[in-house]
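Peer 1: The structure is given below, and queries will be raised subsequently.
No value in this document is a laboratory result; all are computed from the given coordinates. This is a predicted model, so every value here is computed, not measured. Neighbour counts run over all protein chains shown; Cβ positions are idealised from the backbone, glycine included.
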């Protein structure tokens, strides 16, 4: 076995070892909820109906059925224990690094440079977000299919045939169903045709005139790939527009988008060589400093001019630079989606272009050095050690919500989105005062944040300050009149004040805005049940079951309400129904355990609290209840 292959195996083992710490990490309440933990379809695992849903859903403002199937497979294998979900991403990422090495080594016949590029891809800190964040499974999957498609393409180029071409096209189609980031791959194929595949070269003796038909033929060869890219782009734009993820011009004017795009390109270059202050989310700017914009534009212009000047002599410089520029285009922010100015995860595929420039450029610069080989080995080794250490530290920040958000807030400014999610994490931990403070901090940064107003309302409501909560819900609805969540929450606060008729009106309004809003149906069912209107309550309860057929949420909440009314036999039936729907529901097991303790059935209750701890080992409430039961023995 060649030394480069042995070192490749070592690189893969190091990658697995460095990322193995994610096995002890939690899910994050930013998008992991949407993709896994609170998604009732994904939580049901692989079934005929969930597979059908994956191919039709535009949930999360995207159409990526293969990504949904990947998450469902993890649930099927590991349930909602995060370790398996994290390790799946690690394995996919490691496999992508191996395929990248094999691809570059095959098409360039330069195993050492190929190994260096694959190692940087595997261990660069900018890629931590893609691997350590479960919700970014689409990133690592898209990277896998990107490289696999190029490997199949290289095989086709070496030995053309309809079967190989079809396999390449099919792999590309599957890749687009993981994440539409792959839409630029046909252009990258053309770049590789130039270097290192040398397909632009005319036949011997053909001269320059023969090159034009060759280029035309290569372009026509990519047409089916381009058509798939156009189709995927259309699906994506529809999904993002339909899901409300696409920013409007009043929120992100074109001038600001272009300025931010130039700065983002420059930022990615700087972070590639000096990865520092990396964060989960970098807020989109409200203004741009002229000096920063000019500096970024000059950096891009100088690199582009240099590449243009020496591109014919050193084609790998041009290919690497264009790879970087082109593959970033879909996510550079000209079509603004989300509240970020740029994101580490967007570099997962583009950085390979810069790595190619570095891997082939440095040896060229040191071509005439007497100790060239030793210098290259030492500098490459030091670079890999440095990025590996930085990556190890960066992975640690992703341990849980608290560590991640604290770090992000420490290295960014005016990050109201992260303050909101940090507040949610503290709210879930039972620290309501800290949560309220964080929501208020978010509101000070962005007074028009409907999410912050709504979240403040939920904390105030939990503390029994219903009138104050209602004011925040009203403000959220003034800013966004169709914000269904605020309408439902206002109904809860009105019910808390005893204003039953007004609460009913709120719930009915919510269901007019969104007839499929299961929370509106559930709250209306509970309120009608309290009012003695059992038949009407039953209709809305059944609506929740139709909307969430595999969720235990509805029977648990109805069971709690019936228990509070003293209708214990009926409550027990609902708790048992909840456990029949989802035996691993933390809420169903915990609430049934509490219910059983009130019935003095302590031995049975203890079994349900133990079940909670089996599903969620860090549940402090279940542990506290078990402690109380032991004291009663």
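Peer 1: Report the FRET efficiency, 1/(1 + (r/R0)^6), for residue 254 and residue 276, where r is their Cβ-Cβ distance and R0 is 30 Å, rounded to 0.05.
Peer 2: E(calc), rounded to 0.05, equals 0.50.
Peer 1: If the chain between residue 628 and residue 569 were fully stretched, how many nm would it gain, using 0.36 nm times the residue separation less the Cα-Cα distance?
Peer 2: Here the answer is 18.8 nm.
Peer 1: When a/c is below 1.5 the answer is rounded, else prolate if a/b is larger than b/c, else oblate, so apply that to segment 414-551 with a ≥ b ≥ c taken from the square roots of the Cα gyration tensor eigenvalues.
Peer 2: Details: a/c = 1.91, a/b = 1.82, b/c = 1.05.
Note, shape of segment 414-551 comes out prolate.
Peer 1: Which whole-percent values make up P(r) of segment 431-481 when all C-alpha to C-alpha distances are grouped in 10 Å steps starting at zero?
Peer 2: 31, 56, 13, 0
Peer 1: Which whole-number percent is the relative contact order of the chain (Cα, under 8 Å, 6+ apart)?
Peer 2: 11
Peer 1: Then there's this: Once you put a point 7 Å from the Cα of residue 437 and another 7 Å from the Cα of residue 531, both along the Cβ direction, what distance in nm separates them?
Peer 2: Computed distance between label sites residue 437 and residue 531 equals 4.1 nm.
Peer 1: Could I ask something else about it? Quickly rank 359-371, 176-188 as a protection proxy: mean count of other C-beta atoms within 10 Å, highest first.
Peer 2: Order by mean packing, descending: 176-188, 359-371.
Peer 1: Residue 403 versus residue 155, label points 7 Å from Cα toward the beta carbon: distance in nm?
Peer 2: 4.0
Peer 1: Given (1) 63, 28, 26; (2) 51, 26, 24; (3) 40, 30, 23, which label gives semi-axes √(5λ) of the Cα gyration tensor in Å as computed from the coordinates?
Peer 2: Computing semi-axes √(5λ) of the Cα gyration tensor in Å and matching it to (1) 63, 28, 26; (2) 51, 26, 24; (3) 40, 30, 23 gives (2).
Peer 1: Taking 0.36 nm per residue of sequence separation and subtracting the Cα-Cα distance, how much length would be gained by fully extending the chain between residue 603 and residue 170, in nm to one decimal?
Peer 2: Result for the pair: 150.2 nm of gain on full extension.
Peer 1: Mind ranking 581-590, 284-293 by how tightly packed they are, going by the mean number of other C-beta atoms within 10 angstrom, highest first?
Peer 2: The peptides rank, most packed first, as 581-590, 284-293.
Peer 1: So for 393, 134, fewest C-beta neighbours within 10 Å to most, what's the order? If you can, show how the numbers build up before the last one.
Peer 2: Values: 393 12, 134 24.
The order, fewest Cβ neighbours first, is 393, 134.
Peer 1: Moving to a separate point now. Using R₀ = 56 Å, calculate the FRET efficiency as 1/(1 + (r/R₀)^6) where r is the Cβ-Cβ separation of residue 5 and residue 445; round to 0.05.
Peer 2: 0.60
Peer 1: For 372, 137, what ranking results if the residue with the fewest other Cβ atoms within 10 Å of its Cβ goes first?
Peer 2: On the way: 372 14, 137 27.
With the fewest neighbours first, 372, 137 line up as 372, 137.
Peer 1: Would you work out the relative contact order for segment 474-633, in percent, from Cα pairs under 8 angstrom that are 6 or more residues apart?
Peer 2: Computed over segment 474-633, the figure is 11 percent.
Peer 1: Beta carbons within 10 angstrom, averaged per residue: use that to sort the peptides 348-354, 65-71, 306-312, highest first.
Peer 2: Taking the mean over residues of other Cβ atoms within 10 Å, the ranking is 348-354, 65-71, 306-312.
Peer 1: For the chain, what is the calculated [θ] at 222 nm in deg cm²/dmol (nearest 500), taking -39500 (n - 2.57) for each run of four or more DSSP H residues and dividing by its residue count? Don't skip to the answer; put the middle values down first.
Peer 2: On the way: 30 runs with 445 residues, N = 633.
-23000 deg cm²/dmol, from helical runs alone.
Peer 1: What does a probe at residue 414 reach in segment 432-469, counting residues whose amide N is under 20 Å from the point 7 Å along Cα→Cβ?
Peer 2: 438-453
Peer 1: Hey, another quick one. Given the Cα-Cα distance of residue 83 and residue 379 and 0.36 nm per residue of separation, how much length would full extension add, in nm?
Peer 2: 103.0 nm
Peer 1: Given labels modelled 7 Å from the Cα in the Cβ direction, how far is it in nm from residue 462 to residue 509?
Peer 2: Between residue 462 and residue 509, the simple spin-label model gives 2.5 nm.
Peer 1: Using only alpha carbon pairs under 8 Å that are at least six residues apart, calculate the relative contact order of segment 414-551 and give it in whole percent.
Peer 2: 13
Peer 1: Label 7 Å along Cα→Cβ of residue 217; segment 139-164 residues with amide nitrogen under 15 Å?
Peer 2: Taking a point 7 Å out along Cα→Cβ of residue 217, the residues of segment 139-164 whose backbone N falls under 15 Å are 157-162.
Peer 1: Arrange the following residues from fewest to most other Cβ atoms within 10 Å of their Cβ: 422, 483.
Peer 2: In increasing order of surrounding Cβ atoms, one gets 483, 422.
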